[in-house]
Amino acid sequence: MLCLLMSILFLQQVWAIKGEECTNDTPKSNMLKLKKYLLCNYDREIRPVLHNSNQTTVEISLYPISIYLNEQSHTMSLTCWLVIKWYDEFLKWDPSNFEGLNDFTTDTTSIWFPDLSVVNMKSSMHYYYPPGVAVVSPNGEVYTESFPYYQSTCELDMTNWPYDVQTCSLLLASRSFVMKELDLTLRNETEKYLDLVVPGDYWEIITVSTMRNEHGYKFHSLVTLKFKFELKRRTHVKHVAVLAPGLVLPIMVLTTFWLDLASSSRLNIAVLANICHLVHLSSLTSQTTGAKLPSIVVYTLYCLVLSVANMILIVTFKFMSDLTINTYYQQRITRWISCNKYAQHIMLINTQKDRNLDESEDESSLVVINTAELNVSRRLLKHVMGFKIRIDSCLVAILIGMTMIIVCRACENGRLYDNTVTRNDIANIVNTHNNLRQTVALGRLRNQPPAQNMQKMTWDSQLAQRAQYWANRCVYKHDSNRGNNVGQNIGITYFSGPEHANRQHNFTEVIYRWFAEHVHYRYKKLQSGDSSNPSTQTGHYTQVVWANTNRVGCGFAFYYQTQKRQDQIFYVCNYAPSGNFLGEYPYISGNPNCGAHGLSNSNINGLCQK
């Protein structure tokens, strides 16, 4: 049956390539007569020239209709109005022989059509030429209009985000013909038809330019047509919401320098400002991609350094303000400053002048330290508590501005939507494992012996934390740093269709998927090649039923994979003690006998516990 269907499809393709079937029937109208005259024995796979040395010239006009720029995948999507003209030497006729018919209309799939392709396209991208209508003139001129959809790569420069202007290009060339066979030309009318563009929500086309390039190689030459689009990002309310903290948070930081130095509110506000900066920068980094960091992100990185310095100053000044003049630490500090000329310059101290001014001071104050040290200490406290330090701090605060750090996204391959393991999930994970282990222990699994020492599985939060950490990376491979005595099963589910279309994770399904490997397993000692072939591997199954394993912890990550452009759910389960030891059986065969192995019966029939 399959061979018959393949034969039918093959014959259809052959008939489509050959074109109009030639018959001896007399056409009922001149249009049918002309169609039979032109398309009888017409081969649309052959370049339409009588002599192979003749060159086919194709004139192209491209008018953009809608455009979209994907900042995550760095791609431009373009829907356009494409007008193509060329001369087909096989489609000529004398109108007088067909009652004055001066045009003939057919679809582009019936005649030869230029094989244009996108040069600057990733392998995962695509372009689409919908079937169009071709109007043929008696002299062989073919005029076609279509509305194709193109995708091309576009390198983004996010320096001036969110007020940036991006330049993207679309390169078209023939896949099958060199320049001496097929020449591509432009009409240069693209800019005249910008009013056809449908206004987008995010991008506005500023200018469109075209260019024809010839590329010479050793044995042939090629022609490429370049359509260059300059796109300006439209300003949205959310951009204002993103940039507004750049003004509000610096004011929040500045308020700390008008508060009393000993007030705990000063430090609390500074800590709160830093937390707000973290949230703000996290929002910035989640919306920007590209080889260059946006200026606003670079600015906030420098501000982070100053903000941390400001936090250290606040804590240091508060500590120094709590010191008394007779403390051991302040004596050490003041002696160091009084003996270090660089420290004196920083603190604006003149030791000789202070000695002269101190002659009128009460000598009772010299009980603990000498005159120079006392004046240094006094000047130090004036800097800490006085107006001068507040003025200096205000100048520092003006430079600080927004304070943030870049929070690296946990998910390396996409956008993370959900990774919350609920109590119901935990119950399902534990119950599913125990039900399957009970099935094996009681000998209810076909072709598998029962187990004497199958232990009951319980939840382990530490194993779950490590599993969730690994799942959050969204990288489908095993965690090599999970621990020496920890086993691991991983699984992944792919979804087609629109992004984030209410997908639901299902631990029960993936555990059953691992358990289903039992069809390839026959009770024996594990060998190194048991898990090498993906189609016959049994390592997931043997870990699920490994008798000595009694703890499990799982995590998952539901995310959008930006490279493959699909939703994925990555599951990770860690097991302890680890299973799958080479040269060992997963369990001891025989009817359940917990006492013989130093174990006791659990509340689940057939399963043991320590």
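Every residue, every condition in (1) crowded, with 17+ Cβ neighbours inside 10 Å; (2) closer than 22 Å to residue 607 by Cα; (3) at pLDDT 95 or above, yes or no:
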{"position": "418", "(1), (2), (3)": "no, no, no"}
{"position": "431", "(1), (2), (3)": "no, yes, yes"}
{"position": "446", "(1), (2), (3)": "no, yes, no"}
{"position": "465", "(1), (2), (3)": "no, no, no"}
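Could you give every pair whose Cβ atoms fall below 7 Å, whose first residue belongs to the range 60-85 and is touching a residue at least 60 places away in the same chain (Cβ under 8 Å), and whose second residue is among the polar types (S, T, N, Q) and not in a strand (DSSP E or B), counting only separations of at least 6 or pairs across chains?
Correct list of pairs: 62/190; 63/190; 71/289; 72/289; 72/562; 73/562.
Taking residue 260 as meeting all but one of (1) in the same structural domain as residue 157 (by TED's automatic domain parsing); (2) loosely packed, with under 12 Cβ neighbours inside 10 Å, write down the number of the exception.
(1)
Of everything in the range 538-565, what is closer than 21 Å to residue 470 by Cα, more than 18 Å from the chain's Cα centre (by Cα) and of a type in the set (Val, Ile, Thr)? Give them in sequence order.
544, 549, 552
Identify, please: which residue in the range 99-115 is of a type outside the set (Ser, Thr, Tyr) and surrounded by 18 or more Cβ atoms within 10 Å (Cβ to Cβ) and is, among those, farthest from the chain's Cα centre (by Cα)?
Restricting to residues being of a type outside the set (Ser, Thr, Tyr) and surrounded by 18 or more Cβ atoms within 10 Å (Cβ to Cβ), the top hit is 104.
Looking at 283, 221, can you tell me which residue is among the small types (Gly, Ala, Ser) and within 19 Å of residue 156 (Cβ to Cβ)?
Exactly one of 283, 221 is among the small types (Gly, Ala, Ser) and within 19 Å of residue 156 (Cβ to Cβ), namely 283.
Suppose we keep only residues that are exposed (fewer than 14 other Cβ atoms within 10 Å of the Cβ) and in contact with a helix residue (DSSP H, G or I) (Cβ under 7 Å, 6 or more places away or on another chain) within the range 564-604. Which one would you say is modelled with the lowest pLDDT?
582
Could you list all residues from the range 77-98 that are modelled with pLDDT under 90, of a type in the set (A, V, I, L, M, F, W, C) and either surrounded by fewer than 17 Cβ atoms within 10 Å (Cβ to Cβ) or in a loop (DSSP other than H, G, I, E, B) (or both)?
Correct list: 81 only.
Is the range 543-553 home to any residue that is in a strand (DSSP E or B) and exposed (fewer than 13 other Cβ atoms within 10 Å of the Cβ)?
no
Kindly establish whether residue 579 is touching a residue at least 40 places away in the same chain (Cβ under 8 Å), at negative phi, assigned to a loop (DSSP other than H, G, I, E, B) and not hydrophobic (A, V, I, L, M, F, W, C).
For residue 579, the condition - touching a residue at least 40 places away in the same chain (Cβ under 8 Å), at negative phi, assigned to a loop (DSSP other than H, G, I, E, B) and not hydrophobic (A, V, I, L, M, F, W, C) - is met.
Out of all the residues in the range 24-76, which are surrounded by fewer than 18 Cβ atoms within 10 Å (Cβ to Cβ) and among the aliphatic types (A, V, I, L, M)?
31, 32, 46, 49, 50, 65
Just checking, how many residues over the range 133-185 are of a type in the set (D, E, K, R) and either over 30 Å from residue 91 (Cα atoms) or outside any loop (DSSP other than H, G, I, E, B) (or both)?
Looking only at that region, the number is 6.
Only residues that are assigned to a strand (DSSP E or B) and either of a type in the set (A, V, I, L, M) or in contact with a Pro (Cβ under 8 Å, 6 or more places away or on another chain) (or both): list them for the range 582-600, please.
589, the sole residue that qualifies.
For the range 195-221, name all the residues that are exposed (fewer than 14 other Cβ atoms within 10 Å of the Cβ) and acidic (Asp, Glu).
195, 201, 214
The values are calculated or read from the model by the stated rules, or taken from the named source; none is laboratory data. Quantities reported herein were computed from a predicted structural model and do not represent experimental measurements. Every residue, glycine among them, receives a Cβ derived from its backbone with ideal geometry; neighbour counts consider all protein chains shown.
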